[in-house]
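First the structure, in the form of structure tokens, and then the observations on it.
The values are calculated or read from the model by the stated rules, or taken from the named source; none is laboratory data. Because the structure is predicted, anything quoted here is derived from the model rather than measured. Note: ideal-geometry Cβ built from the backbone for every residue, glycine included; neighbour counts use all protein chains shown. Heads up: the accessible areas ignore ligands, DNA and RNA and are worked out on the full protein's heavy atoms, side chains in. Shrake-Rupley method; radii C 1.70, N 1.55, O 1.52, S 1.80 Å.
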Amino acid sequence: MNFCRLSTRCEILPIVLISVLAVITFLNSLSNTFVYDDVFTITDNYFIREWENFPALFTDEYFNTSGEVTYRPVVTLSYFIDYSLWNLNPLGFHLTNILLHTTCAALVYLMLSFVIRNSIISFLSGIFFASHPLLTEVVNGVSYREDLLATAFFLGTVVLCVQSRRHFRAYLFLYPCSIISYLLALCSKETAITLPMILFLFDRVFHDTDGIKKTAMKYYLGFILVSGFYLFLRFVWFHNPVEKQLQYPDNSFLVNVLTMPKIIVTYVKLLFFPVGFSAEYSILSTKTPFDTTFICSIGFLIVLGIITWRMYRHSKLVYFFVLWFFITLLPTLNIIPIANIMAERYLYLPSVGFCVVLSCIVMEIWRLPAVFLLGKTRETEYGKTGNLNIFTAHLPGNLNNNPRRPLFLFMTCLVAVPVFLYSLSAMSRNGIWRDQFTFWSEAVKVSPDSSRAHNNLGMIYLQEGKPSLAICEFQKAIVVESDPEYHHNLGMAYQKEGRSDEAFNEYQRVLTANPASAITYNNMGNILIDKGQIDEGILKFKEAIRLKPKYYDAHFNLGLAYFKKGLFDASLNEFILAIFYEPDHAEAYSCLGTVYANMGLFDEAIGAIEKAIQLRPDYSPAYKNLGILYLNHKKNAHKAVSLLREFIRLDPKNKDAEMIMNTIKEIQASK
């Protein structure tokens, strides 16, 4: 009975320690805001705010509404759940990411415990994975949750599949669970497609070939069928046409092949020496096999390949997990073009293999003093098999009488020092994700040749009302890469600074490269309206709506343009459409109320403007318009004065403030 309790404690204790380390390492990320792609997937994503949209996860409307580029319904479902619990409070979303990372770290330990039954290597791999600073991008970026979910289901599938082979009853229950878990992994991120290769490799390395042939249909068929079903979903049923726009570096597959070895070597370097991280890596394309970086990278990979092959006889564990690293990295090597040719998040699942290999290296270092302190017999018992349980090993006696104690202390230092440094580095890097400005300022500093970093920093300046600084960043981005997006953003900065002609020229450059840019037509329409060319502006807004029928801004601006021309029915229709597509905008309801008032529908006008105030209690124009309605049409002077005073309080520097103050005085004088 006591032994059973001790065994249970030994299973739970390492999981608790790994989980605590993962939470402590990333706890300071809870205060971070939404950063990077979170704007598209969370803050500006109205799709996740209503459960009524849930059925669209299984239709071709998914890409138009979800904010995702590829089909990842499990990830989008997690956003639905988070939003229903936290609304737009980033703390809740970050908490979910921390819990998912903690789960992955615990699953690393469990998987290894079931696969290799070595408590020390399992524990070391778990704590290295829990604290490695290279994984901070995945944990801090809410929009990179797909890697967390895919890895959790991937590892869970391995655990279930291995356990299902124990006996027939386990197979009947656990094997179907493993198939479902694999499908969930695929629907989280497409990198999980490598799992059948990992399972086959596991059988090939750790079991006999005859056994594989006998059980091939029993264990592999389900995974093969699920893989085929997912590939049909991914490339036929739910294929996003936007992906066709993605290209290889320099639009050449050969250049991609020549560039990838350099990126793989960089990944290996970052794992062993986790410094010099960047949100945006500037990768120079390799265009010839005689390039020095290509030759050196290929040489390194050949040497690594030879060492790995020789490891098959000396350490099948190292052999298997080195191959794990490269197999799970395979989908991110731009074989099918992807948006980012290199990113830290691509290493989340492959890093499991690295952590196991690193644990084996630590164990090998530990064996040297083990030979000296324990003698060859005990070194063989503990060093090679690794069955020493470091959580229950008793170390009685003093240092002279017990040679295990200095060995235990050495092992503790050997592990604690890198884990402590890993954790500190991860905590420090969490701070870079504090907010958008901190994040992109650091990215520009680390990668000054990154066009995207300069562009995104420019967008931050633009949002903060600093168009001159934004123009500088956009121009730097264009020098590196003349992308239509950067020209569009430069146009917006010019427009914000009042340089409308320069803005219009930038927008024309955008349309030359991308004639289907609805937002560009919308912005050009605003410039034309400001110049008094209302009819020309209306045509631009209509073109934007033709390209993007559910475009809120274009409907709203078209409504304003119709109102200026006195076309109240047309204006009313556009504001109603704008509200239908995005019902959370107070200004749309306020403008709708103004149109109703001009049409003589005063009760409808009051209702619309009150809705605007309900959505945004600090929206000052609504108080002014509502106050005037109550004064002129409801003849309620008391209510009108209250509303007009609130307008003055909220916006005392408004150009109409003095006129409203005089109106209030006149009302009070007439009493």
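On the given criteria, is Tyr589 in a helix (DSSP H, G or I) and in contact with a Lys or Arg (Cβ under 6 Å, 6 or more places away or on another chain)?
Yes; evaluated as a whole, the condition is true for this residue.
In the range 136-172, how many are part of a helix (DSSP H, G or I), at pLDDT below 85 and open to solvent by 10 Å² or more (accessible area, probe 1.4 Å)?
Matching residues across the range 136-172 total 7.
Which of the residues spanning the range 527-542 are closer than 22 Å to Phe580 by Cα and surrounded by 20 or more Cβ atoms within 10 Å (Cβ to Cβ)?
If the condition is that a residue be closer than 22 Å to Phe580 by Cα and surrounded by 20 or more Cβ atoms within 10 Å (Cβ to Cβ), then Ile538, Lys540, Phe541 are the ones that fit.
Just one of (1) under 29 Å from Tyr596 (Cα atoms); (2) part of a helix (DSSP H, G or I); (3) open to solvent by less than 70 Å² (accessible area, probe 1.4 Å); (4) not acidic (Asp, Glu) trips up Met459, so point out which.
Tallying (1) under 29 Å from Tyr596 (Cα atoms); (2) part of a helix (DSSP H, G or I); (3) open to solvent by less than 70 Å² (accessible area, probe 1.4 Å); (4) not acidic (Asp, Glu), Met459 fails exactly one: (1).
Among the candidates Phe290, Phe300, Phe272, which residue alone is aromatic (Phe, Trp, Tyr) and within 31 Å of the chain's Cα centre (by Cα)?
Of Phe290, Phe300, Phe272, the one residue that is aromatic (Phe, Trp, Tyr) and within 31 Å of the chain's Cα centre (by Cα) is Phe272.
Taking the condition at pLDDT below 90, more than 30 Å from Asn53 (Cα to Cα) and small (Gly, Ala, Ser), does Ser482 pass?
Yes, satisfied.
Given (1) within 22 Å of the chain's Cα centre (by Cα); (2) polar (S, T, N, Q); (3) open to solvent by 20 Å² or more (accessible area, probe 1.4 Å), identify the lone condition not met by Asn430.
Unmet condition: (3).
Can you give me the number of residues within the range 501-522 that are outside any loop (DSSP other than H, G, I, E, B), surrounded by fewer than 17 Cβ atoms within 10 Å (Cβ to Cβ) and of a type outside the set (A, V, I, L, M, F, W, C)?
Going through the range 501-522 one residue at a time, the tally reaches 5.
Please work out if Asn53 is part of a helix (DSSP H, G or I) and more than 15 Å from Gly141 (Cβ to Cβ).
Criteria met by Asn53.
Give the residue, chosen from Leu30, Leu88, that is in contact with a Ser or Thr (Cβ under 9 Å, 6 or more places away or on another chain), of a type in the set (A, V, I, L, M, F, W, C) and within 29 Å of Ala453 (Cα to Cα).
Step by step, each of Leu30, Leu88 is checked, and only Leu88 is in contact with a Ser or Thr (Cβ under 9 Å, 6 or more places away or on another chain), of a type in the set (A, V, I, L, M, F, W, C) and within 29 Å of Ala453 (Cα to Cα).
Taking the range 612-671 only, how many residues are surrounded by fewer than 18 Cβ atoms within 10 Å (Cβ to Cβ), more than 25 Å from Ile576 (Cβ to Cβ) and charged (D, E, K, R)?
Matching residues across the range 612-671 total 11.
Quick check on my filter: what residues within the range 328-339 are assigned to a helix (DSSP H, G or I), among the hydrophobic types (A, V, I, L, M, F, W, C) and crowded, with 18+ Cβ neighbours inside 10 Å?
Leu329
Pull up the range 43-90, narrow it to residues that are open to solvent by 70 Å² or more (accessible area, probe 1.4 Å) and within 15 Å of the chain's Cα centre (by Cα), then point me to the one that is modelled with the lowest pLDDT.
The extreme case among them is Val69.
Among the numbered criteria (1) part of a helix (DSSP H, G or I); (2) open to solvent by 30 Å² or more (accessible area, probe 1.4 Å); (3) closer than 26 Å to Glu604 by Cβ, which single criterion is violated by Ala554?
It fails just one condition, (2).
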